[in-house]
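First the structure, in the form of structure tokens, and then the observations on it.
The values are calculated or read from the model by the stated rules, or taken from the named source; none is laboratory data. The structure presented is a predicted model; accordingly, all values stated were derived computationally and were not measured. Please note: Cβ atoms are built from the backbone with ideal geometry, for glycine as well, and neighbour counts cover all protein chains shown. When the accessible area is computed, the model is the full protein with side chains, heavy atoms only, and any ligands, DNA or RNA have been set aside. Shrake-Rupley method; radii C 1.70, N 1.55, O 1.52, S 1.80 Å.
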Amino acid sequence: MTDAVEVRPVTEAELVDWHRALNTGFLQQPSLTDDQMEARRRQFVPGRLLGAFDGSRCVATFRSFDQELTTVGGTAVPADAISNVTVSPTHRRRGLLTRMMSQDLAAAKERGDVVATLIAAEYRIYGRYGFGPATTLTEWTVEVGRTGLDPLWSAPEDGGRIDLIDLEDVRKFGPELHERVRRGTPGAVSRNELWWQLRTGAVRFEPDWTEPFHAAYRSPDGEVQGMVAYTADDTWHGKQPDETATVKWLLGATPAAERALWHYLCSIDWITRVKSGWRSPDDLLPHHLPDPRAARIVSQADWLWVRILDVVRALEARTYGTTGSLVLEVADRQGLAGGRYRLDASPEGASCTPTTDTPDLALDIADLATVWLGDQTPARLHALGRIRETRVGAVLKADALLRTPGRPWCPDLF
């Protein structure tokens, strides 16, 4: 019976049982070593880990933490980042996720978070809670021999340089570089100190962590403007190397920095292909190569999902490339952010207020999240039947108002 299962915040003493349920839900080895548990305790924040308990056993898990999300124009809004969501196979279809999600979103709205965010393992789960896919992820494989790059020359063409760096330098220069990139990247999220510790081995959740290679691009004046972490396999056919470099993450504060790092990766001896890792769908990677066809898309799908908790602050936080007004009828089955709102926007700023005016468009809160960062346009969602036009011409007006110069990108999994 569902009523016999209690949903509540997890105490620190219950973390071992909570993590056992988490690993079980993700079909991973249930037990953790003492060292792994000690590392994972760093994620414990009282009240932000929820569990569903059937008697003394944890049968569902849910974690949220503070995050910032960059909007169009560079403003960061407070977000409730959601992760570690599982329900044990013995307790599926009992409404446990709904109870945990409802409790967390209510607390996030009370805290004043503008949005909630998550990376959806399964597509069909989170729309019913008001989340909409807000960024897209693309992965490329680059066939080095087809790029057209000179195999005898790899130095940056602008007078900068590539340096191999150690873990201490990554922790020293990485956070500031990421902040520069994040401020100019709609859809990007904040990284805390633990993120950098985990990626550099200072804290290890998994026993088999291995150190990646790290390289930095320095501009002609010596400033670190780009950084990449990558691994290489050990594949040979007979006496011929056929190795793949896999990018764990790559940040460039300028197109020149990105170009230099991609060219560097393609120049490494024995590397015959480069896997790009998670990139934006309109990433410049293919066009940094003399032959863009050498970069082949191997994966493209939804990535960051957003749930708007405060329509007024969300719409006022982003920028707009043109001037216009829209009245939006926003439906929200959870009752957290629905209503009718008037948006008055221009390149100088925007105001959004509740109104009783006749609406121009009607849409679900999840679809508002999908167009908010610019990954999709109102015209596309209207064509799909997900936005209803209640005033003739309103879709084209909304399309012009909400359109962005590029698509948003979230480089992170959390």
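In segment 218-270, what residues are in a strand (DSSP E or B), touching a residue at least 24 places away in the same chain (Cβ under 8 Å), open to solvent by less than 60 Å² (accessible area, probe 1.4 Å) and not aliphatic (A, V, I, L, M)? Even if it seems obvious, please write down each step before you answer.
Of the residues in segment 218-270, the ones in a strand (DSSP E or B) are 218, 224-232, 236-237, 240-241, 243-252.
Still in the running and touching a residue at least 24 places away in the same chain (Cβ under 8 Å): 218, 224-230, 232, 241, 243-252.
Still in the list and also open to solvent by less than 60 Å² (accessible area, probe 1.4 Å): 218, 224-230, 232, 241, 243-247, 249-252.
Hits for segment 218-270 are 218, 225, 226, 230, 241, 243, 244, 246, 249, 252.
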Residue 282 passes all but one of the listed conditions (1) touching a strand residue (DSSP E or B) at 6+ places or on another chain (Cβ under 7 Å); (2) within 30 Å of residue 125 (Cβ to Cβ); the exception is number (1)
For segment 371-392, indicate whether the set of residues that are surrounded by fewer than 18 Cβ atoms within 10 Å (Cβ to Cβ) and of a type in the set (Ser, Thr, Tyr) is non-empty.
yes
Any residue at all in segment 157-166 that's touching a residue at least 60 places away in the same chain (Cβ under 8 Å), touching an Asp or Glu at 6+ places or on another chain (Cβ under 6 Å) and of a type outside the set (Gly, Ala, Ser)?
no
So which of 335, 321 is of a type in the set (Gly, Ala, Ser) and at pLDDT below 95?
321
Identify, from the list 186, 207, the residue that is surrounded by fewer than 16 Cβ atoms within 10 Å (Cβ to Cβ), in contact (Cβ under 8 Å) with a residue 40 or more places away in the chain and not in a helix (DSSP H, G or I).
207
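Just checking, which of 7, 59 is open to solvent by less than 70 Å² (accessible area, probe 1.4 Å) and under 22 Å from residue 131 (Cα atoms)?
Working: 59 fails: under 22 Å from residue 131 (Cα atoms).
None of the others qualify; the one that does is 7.
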Starting from segment 37-55, take each residue that is among the acidic types (Asp, Glu) and list its partners that are open to solvent by 30 Å² or more (accessible area, probe 1.4 Å), counting only C-beta distances under 8 angstrom and pairs at least six apart or across chains.
54/4
Candidate set: segment 271-287, residues that are open to solvent by 10 Å² or more (accessible area, probe 1.4 Å) and in contact with a helix residue (DSSP H, G or I) (Cβ under 7 Å, 6 or more places away or on another chain); chosen: the one nearest to residue 225 (Cα to Cα)
284
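Name the residues in segment 288-319 that are open to solvent by 30 Å² or more (accessible area, probe 1.4 Å), farther than 20 Å from residue 122 by Cα and either in a strand (DSSP E or B) or free of Cβ contacts under 8 Å to residues at least 24 places away in the same chain (or both), would you?
We begin by selecting, within segment 288-319, every residue open to solvent by 30 Å² or more (accessible area, probe 1.4 Å); these are 290-293, 296-303, 310, 312-313, 316, 319.
Narrowing the set further to residues that are farther than 20 Å from residue 122 by Cα leaves 290-293, 296-297, 310, 312-313, 316, 319.
Selection gives 292, 296, 297.
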Any chance segment 120-135 includes a residue that's modelled with pLDDT of 95 or more, assigned to a strand (DSSP E or B), within 23 Å of residue 190 (Cβ to Cβ) and among the polar types (S, T, N, Q)?
no
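Hey, any hits in segment 36-47 for a residue that's more than 27 Å from residue 203 (Cα to Cα), modelled with pLDDT of 95 or more and open to solvent by 10 Å² or more (accessible area, probe 1.4 Å)? Working first, answer last.
Taking segment 36-47 and keeping what is more than 27 Å from residue 203 (Cα to Cα), we get none.
The answer is no, given that none of the residues of segment 36-47 is more than 27 Å from residue 203 (Cα to Cα), modelled with pLDDT of 95 or more and open to solvent by 10 Å² or more (accessible area, probe 1.4 Å).
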